[in-house]
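J.: Here it is, the structure in full.
The values are calculated or read from the model by the stated rules, or taken from the named source; none is laboratory data. Computed from a prediction, not measured in an experiment: that's the story for all the values here. In this analysis, Cβ positions are derived from the backbone assuming ideal geometry, glycine residues included, and neighbour counts consider all displayed protein chains. With ligands, DNA and RNA removed, areas are computed over all heavy atoms of the protein, side chains included. Shrake-Rupley method; radii C 1.70, N 1.55, O 1.52, S 1.80 Å.
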Amino acid sequence: MALNSQAAAEATLALPGIPRDADGPVFREPWEAQAFAMALALHARGLFTWNEWAAALADEIKRAQAAGDPDTGETYYRHWLATLERLISAKGVASSETLHRYRDAWDHAADRTPHGSPIVLHPDDFAPSS
């Protein structure tokens, strides 16, 4: 997923805690870049301001630290993802139940997919686990 470099630059200025190097944000895994890009896209669509995002992310990090997160930086984008889910639910874009259903479906599809192959969701991935 290609990132809009101007939007990424604006985000890194607005949110100084983003892991970055001289060229901009850095990501340890592709899903981190995708979480970052989702936040950029939702911000661009007006779902939240960067101040609102920063406050929600700070709250999420505080919750995680209180629950024992060692805050080594390795979980930073997990906090982004949790913040995205929380804001999407709070803004009524999707319920937390819907988000959990899609997460479970993705996990089910990923479990059956051989390494290196694209993950494809099927209707039965959305069926309750037995």
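J.: Could you list, in sequence order, all residues of segment 22-43 that are open to solvent by 80 Å² or more (accessible area, probe 1.4 Å) and farther than 14 Å from LEU84 by Cβ?
T.: ALA22, ASP23, ARG28, GLU29, PRO30
J.: Hey, among the residues in segment 70-81 that are open to solvent by 80 Å² or more (accessible area, probe 1.4 Å) and modelled with pLDDT under 90, which one's farthest from ALA37 (Cα to Cα)?
T.: Checking each candidate, the answer is PRO70.
J.: Based on this model, can you work out whether ALA58 counts as assigned to a loop (DSSP other than H, G, I, E, B), without any contact (Cβ under 8 Å) to a residue 24 or more places away in the chain and open to solvent by less than 50 Å² (accessible area, probe 1.4 Å)?
T.: No.
J.: Still on this structure, please answer the following. Mind listing whichever residues of segment 103-119 are in a helix (DSSP H, G or I) and over 23 Å from LEU81 (Cα atoms)? Spell out how you get there, then give the answer.
T.: To start, the set of residues in segment 103-119 that are in a helix (DSSP H, G or I) comprises 103-112.
Answer for segment 103-119, where residues must be in a helix (DSSP H, G or I) and over 23 Å from LEU81 (Cα atoms): just ARG112.
J.: Filtering segment 82-121 down to residues that are touching a Phe, Trp or Tyr at 6+ places or on another chain (Cβ under 8 Å) and under 20 Å from ASP59 (Cα atoms), which residue is most open to solvent (accessible area, probe 1.4 Å)?
T.: Result: LYS91.
J.: May I ask you to verify whether ASP71 is among the acidic types (Asp, Glu) and not in a loop (DSSP other than H, G, I, E, B)?
T.: Here the answer is no, as ASP71 does not meet what is asked.
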